[in-house]
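Notes follow the structure.
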Amino acid sequence: MTKRIQYFDIARGIGIICVVLSHTLLDSQRIDGLPFGVAATWIFRICFSFHMPLFFILSGYFMRPNRKFRWRKESDELLATYALSSVAVIILSAIREGINHRSVLDGIRKWVVAAFYGSGAGFSSGTWEVKYPIGATWFLLALFWAHLIISLADKTPMPWMIILVSFLVGYTLGQHIWLPFSLLSGMSASLFVYIGRMIRQADSVTKLQSKSISSLIMWILLILVWFIAIIRFDEFGLATNRLGGHPAWSIAGAIAGTMTVVGISILIDYVPKVSEVLSLIGRGSLALLCIHMVEMNVFPWARMITALDVMFGHRMLWMMFFAIRLIMDLILVICLYHIPVVNAIFFPSLQKELNEPSRSK
């Protein structure tokens, strides 16, 4: 069995924590109704500048060129997890609607439509509207499409051209319409997955670790590009194909931010306790993403936020909310890990490690 490189798991751990944190900031503002403070604004910009591209880029980093599309593996890890998470939301929301004496059928219909479109956020272009977003698991559908597109592109003489066209078509159409199952986001995301593969081919991560002048220059350039992208940030969300007013900086910043986080993760790898916790979270990031999506859509956070606002005030609200949400999500992930059969779907890498000793006997 190939040994996992821990600093990539650490990077995933940082990424998924930033996903939960950024959504917490959004939910706090939406329910509380007050603008972000200075610290929250900067944290929001930093998180959204890189967190989802990081997962696409790292996925591409480990995607072998010219390998056949593995329908079974992709379906189990991406489509099955999406379907199970969506079913969980439909069932739990139906129970919630019943408890609150609202229409159960309307609740079911809403989430079936949301699962069908697979949009990470509400979408409206004036002529086309998606009222019900599914939330964070849009990523699973988009990654499935991105992997499929790259596998097909590899069969052509110029795969990079197919990927570029896919990105441009996905991004352009995504400003006007929304196709089911997050297809357009997947078309756009294929660029980031392909870039991840290019980073590996260029051996950029190894160069980042070398003790040389070129490595130092690389670090400085990455941090500088990421910082400029954060400064110029106005909107960036692959969930609905939004690259903001500075698309080139959004893309460059996402790449630079991902590489910087990987570099930071390499340094964290030398700190045993911290690296152990973050790598464990990173290895369970698929399950954590799905759990996070379910609780976002089902749990009565509005009541919790109102209570926290009264207890701690606006400035402390998002911090307390984030701590409670992350702890709850991690506890639920641990519970999910101990559910037979289902855990093999949501924890594919961990399940392989558990099965390895029995194979060697």
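Quick notes
- Where a residue in segment 230-254 is under 25 Å from residue 180 (Cα atoms) and outside any helix (DSSP H, G or I) and its partner, wherever it lies, is among the acidic types (Asp, Glu) and at pLDDT below 90, with Cβ under 9 Å and at least six apart: 242/235; 243/235; 244/234; 244/235
- For segment 284-315, the candidate set comprises residues that are out of contact with any Phe, Trp or Tyr (no Cβ under 8 Å at 6 or more places or on another chain), over 15 Å from residue 31 (Cβ atoms) and among the hydrophobic types (A, V, I, L, M, F, W, C); within that set, the residue that is surrounded by the fewest Cβ atoms within 10 Å (Cβ to Cβ) is 298.
- Residue list for segment 119-154, filter: among the aromatic types (Phe, Trp, Tyr) and at pLDDT below 90: 123, 128
- For residue 182, the conditions (1) at negative phi; (2) in contact (Cβ under 8 Å) with a residue 60 or more places away in the chain; (3) crowded, with 16+ Cβ neighbours inside 10 Å are fulfilled apart from (1).
Yes/no per residue for (1) assigned to a helix (DSSP H, G or I); (2) touching a residue at least 24 places away in the same chain (Cβ under 8 Å); (3) of a type in the set (Val, Ile, Thr):
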residue	(1), (2), (3)
28	yes, yes, no
40	yes, yes, no
47	yes, yes, no
52	yes, yes, no
57	yes, yes, yes
60	yes, yes, no
66	no, yes, no
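- Of everything in segment 161-172 that is in contact (Cβ under 8 Å) with a residue 12 or more places away in the chain and not hydroxyl-bearing (Ser, Thr, Tyr), the residue that is surrounded by the fewest Cβ atoms within 10 Å (Cβ to Cβ) is 169.
- Complete set of residues in segment 114-160 that are free of Cβ contacts under 8 Å to residues at least 12 places away in the same chain and assigned to a strand (DSSP E or B): 124, 129
- Number of the exception - residue 111 against (1) within 26 Å of residue 71 (Cβ to Cβ); (2) modelled with pLDDT of 95 or more: (1)
The values are calculated or read from the model by the stated rules, or taken from the named source; none is laboratory data. If you're wondering where the values come from, they're calculated on a predicted model, not measured in any experiment. Counting neighbours? That spans all protein chains shown, and the Cβs are built from the backbone with ideal geometry, glycine included.
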